[in-house]
Amino acid sequence: MALQSRRVSALSREIKLGDRVLLYQDVRRKWIAKVEPGRFHTHRGYFELAELVGREYGGSIRTSMGQNLAVFKPRALDIVESFDRPTQILYPKDIGYALFQLGIGNGDRVLEVGTGSGALTSALARGVAPDGQVFTYEMRPEFLRAARANVDKAGFGPLVTFHNEDPTEGFEEKEADAVVVDLGDPWRMVAAAWRALIGGGLLAGFTPTINQLEKLAVALREGGFMILEAVELLMREFKTEAGKIRPETRMIGHTAYVTIARKLLPASDV
Ligand SMILES: C[S@@+](CC[C@H](N)C(=O)[O-])C[C@H]1O[C@@H](n2cnc3c(N)ncnc32)[C@H](O)[C@@H]1O
């Protein structure tokens, strides 16, 4: 058994025709490419993509002008960074934190309102794979189309059900483990979320302003939820050059407030 799993992991270390790979020059110059016949061009030369077949992930390839590109297996994050973005998308720090807070895992049923570009959708799909499902709602058909293309490109299509709908009056699905809400008026989704969740099910709301956070918090308390926390995550990047380790001069000052709540069932007499 141990031998067998080592064999499987050795196979998955090898680049195959049809794989999507991350070609990494530096933090600003990185690309996702499909391994298929044809050339991949950069401003520093090109190479034949099929030359990657049979090589091990983690190595590098040299372009016609001598530029080395590292070849990695892309993470969900790398693919999401390459998405077309017709809408604002959530930042990785907020997505990652919320996924952990929601306890997202294999087999979960997750409802999402505000598909947008599908960034959070993809992270949720990665989290519930291989047996779970994400049911995502978006009222603008053009955004839904873009999100579907992005999610398919990331390979998560089979894990996501798309609805071109405003679910304020109710979700089509019941017995959800979690609901995530990323839109301008999240308080309007509280009643529908409560009805769709299992007892103790979790909700994450993302709000850019304090006013929205307050309205959401009031609606959650009035709507049968217990608020676990509302947080703002500040992330400071560091320069990593030896002898010059210090924070970067600029940082992203504000993204979203993250509110985490749990559905409470009505009190019953003992
Ligand atoms: C900020 S974007 C979501 C971005 C997404 N979380 C991501 O990471 O890609 C908000 C989306 O919510 C959608 N939206 C707003 N109100 C809605 C509603 N009542 N029902 C469904 N979608 C809604 C908007 O059309 C927009 O695409």
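The values are calculated or read from the model by the stated rules, or taken from the named source; none is laboratory data. These figures come from a predicted structure and were not determined experimentally. Here the Cβ is made from the backbone with ideal geometry for all residues, glycine too, and neighbour counts use every protein chain on show. All accessible areas refer to the heavy atoms of the entire protein, side chains included, with ligands and DNA or RNA removed. Shrake-Rupley method; radii C 1.70, N 1.55, O 1.52, S 1.80 Å.
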Checklist entry - Given that compact globular proteins tend to follow 2.2 N^0.38 Å, what is the ratio of the alpha-carbon Rg of the chain to that value? => result 1.16
Next on the checklist: Probe radius 1.4 Å, ligands and nucleic acids left out: which of Lys263, Lys93 has the largest accessible area, and how do the rest follow?
Outcome noted: Lys93, Lys263
Next on the checklist: If you roll a 1.4 angstrom probe over the protein chains with everything in place, what fraction of the accessible area of region 78-263 belongs to carbon and sulfur, to the nearest %?
Outcome noted: 53 percent
Checklist outcome for this item: Out of Gly201, Gly58, Gly105, a Gaussian network model of the chain with alpha-carbon springs under 10 Å gives the largest mean-square fluctuation to Gly58
Checklist entry - Over the chain, what is the relative contact order in whole percent, taking alpha-carbon pairs under 8 Å and six or more residues apart? => result 13 percent
Checklist outcome for this item: For Glu248 and Asn106, extending 7 Å from Cα along the Cα-Cβ vector and measuring point to point gives, in nm, a value of 3.5 nm
Checklist entry - Quick one: of the DSSP bridges fully inside the chain, what percent are antiparallel, nearest 5? => result 65 percent
Item to check | Pairwise FRET efficiency - Thr240 versus Ser12, Cβ, R0 = 25 Å, nearest 0.05 | outcome: 0.30
Checklist entry - At what distance in nm do the modelled label points of Glu172 and Trp31 sit from each other, each positioned 7 Å from its Cα along Cα→Cβ? => result 3.8 nm
Checklist entry - Which aspartates and glutamates, on any chain, are close to Lys34 with Cα under 18 Å apart, when same-chain ones fewer than 8 places away are left out? => result Glu14, Asp19, Glu48, Glu51, Glu56, Asp78, Glu81, Asp84, Asp152
Checklist outcome for this item: FRET efficiency (Met139, Val218; Cβ distance; R0 25 Å; to 0.05) is 0.60
Checklist entry - If you put +1 on each Lys and Arg Cβ and -1 on each Asp and Glu Cβ, how big is the dipole of the chain around its Cα centre, in Debye rounded to 20? => result 1280 debye
Checklist outcome for this item: Distance in Å, no decimals, from the C-alpha centre of region 12-62 to the one of region 187-224 is 44 Å
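How do 230-242, 171-183 rank on mean C-beta neighbours within 10 Å, highest first?
So the order, starting with the most tightly packed, is 171-183, 230-242.
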Checklist entry - Between Tyr46 and residues 5 or more places away or on another chain, which pairs have amide H atoms under 5 Å apart, with H built 1.01 Å from N, and which residues are they? => result Ser64, Met65
Item to check | Charge-dipole axis of region 2-74 as Lys and Arg at +1 and Asp and Glu at -1 on Cβ define it, positive-most pick from Ile32, Ser64, Gly18 | outcome: Ile32
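For Ser122, Ser82, write out the residues from largest to smallest accessible area, computed with a 1.4 angstrom probe and no ligands counted.
Largest to smallest exposure gives the sequence Ser82, Ser122.
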Checklist entry - For Tyr97 and Asn68 in one chain, what is 0.36 nm times their gap in residues minus the Cα-Cα distance, to one decimal in nm? => result 7.0 nm
